[in-house]
Amino acid sequence: MTNILSELIGTMVLVTLGNGVVANVMLSKTKGYSKNEKWLTITIGWALAVFMAMIISSPYSGGHLNPCVTIGFAMIGKLSWSLVPFYIVSQFIGAMLGSSLVWILYKDYFLETNNERDKLSVFVTTPAIRNFCSNFFSEFLSTFLFIFISFFLNKEGSIFIFGKKYLLGLGAMGAIPSSLVVLGIVLSLGGTTGAALNPARDLGSRIIHYLLPIPGKGDSDWSYALVPVLGPLFGSIVASALYLFLKYE
C-alpha cells in the first residue's frame with residue numbers, strides 16, 4: 001500500500017501547490033493578486049509543485065502523479081498493469097483532496113472575487129479560444145512531448161573511477177528534470193489551453209468545483225471537460241507507442 005498512498009499524497013501536494021499558486025494570483029485581495037504577469041508566476045509555481053510532490057512520492061511509487069505517466073510507463077513495461085487502476089484512483093483522490101484544501105485556504109478570497117472565470121481557473125484549465133479540434137490538439141501535443149521526454153529522464157548519475165562506471169543516486173535532485181520538462185512545455189505550448197497534461201489534476205478538481213458551495217462560482221464548464229482528459233490520454237498512448245516502435249526498450 002505504500003506506493004498507492006504515496007501517489008495519493010504526492011498528487012494531493014501537487015494540486016494543493018499548483019492550484020494554490022493560481023488562487024494566489026487570480027483571486028482578489030490576496031498578497032499575490034496581480035492583473036498582469038500571472039502566466040509566468042503560475043507556470044513556475046506549477047513546475048515547483050511538481051518538484052516538491054515528486055520529492056515525496058518518487059522513492060516509493062516513482063512519482064507518477066498523473067494517469068498519463070502511469071499508463072505510459074505501463075505500456076513500455078516499467079509498471080505492472082495490475083497497479084494501474086490503483087495508481088489512477090489514488091491520483092484522482094489526491095487531486096480532489098488537494099483542490100479542496102485550496103478552497104478551504106482561500107475561501108475568503110473566493111468571496112471577494114466576482115469573476116466566475118477566475119474562480120473556475122483556480123480549479124481547472126480553460127481555453128484561450130474555444131475550438132474543440134485546436135484545443136484537443138494542443139493537449140495532445142503537449143502531453144505527447146511531456147511523456148516522450150519523460151521516458152528519457154534518468155534519476156541516476158554516474159562517475160568513472162579508474163575506467164569503471166559507478167551509478168550514483170541523485171536523491172531529491174532527481175525531481176528537477178521532470179519539473180523543468182513541465183516548465184518548458186507549459187511556457188512554450190500552454191498559451192492555448194493552459195496545458196493540463198494531467199487528467200486527474202483537471203477532472204478531479206473540476207468535480208470539486210462542481211460540488212463545493214462557492215458563491216457565484218458559475219458553471220463548471222462540463223462541455224470542455226473531455227478535452228483535458230482525452231487529449232492528454234491520447235498523447236500519452238501515442239508517445240508510448242512511438243517509444244516502443246523506435247525500439248528504445
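Quick note: the coordinates plus some simple rules give every number you see, no bench work behind them. It should be emphasised that the depicted structure is a prediction, and the values quoted were computed from it without experimental measurement. Here the Cβ is made from the backbone with ideal geometry for all residues, glycine too, and neighbour counts use every protein chain on show.
Sequence gap of 8 or more, or different chains, plus Cα separation below 23 Å: how many lysine pairs satisfy both in the chain? Summing the qualifying lysine pairs gives 21.
Think of the chain as a dipole: +1 on every Lys or Arg Cβ, -1 on every Asp or Glu Cβ, centred on the Cα centre; then among H209, G174, G10, G174 lies furthest on the positive end.
Charge tally for G191 (other residues, Cβ to Cβ under 15 Å; Lys, Arg +1; Asp, Glu -1): 0.
Label separation (I129 vs S188): 2.2 nm, computed from points 7 Å beyond Cα along the C-beta direction.
Taking 0.36 nm per residue of separation and subtracting the Cα-Cα distance, what length does fully extending W81 through I44 add?
Length gained between W81 and I44: 10.0 nm.
Each of the peptides 176-188, 87-99 was scored by the mean count of other Cβ atoms within 10 Å over its residues; in descending order, highest first, they stand as 87-99, 176-188. Taking label points 7 Å from Cα along the Cα-to-Cβ direction, S223 and V89 give a separation of 3.5 nm. Computing volume of the Cα convex hull per residue in Å³ directly from the structure and comparing it against [x] 124; [y] 133; [z] 142 singles out [y]. The label-point distance for N36 and L5, in a model that sets each label 7 Å from Cα toward Cβ, rounds to 4.9 nm. Counting only alpha carbon atoms, the long axis of helix 2-26 and the longest principal axis of the chain meet at about 40°. Across the chain, the relative contact order, built from alpha-carbon pairs under 8 Å that are at least six residues apart, equals 28 percent.
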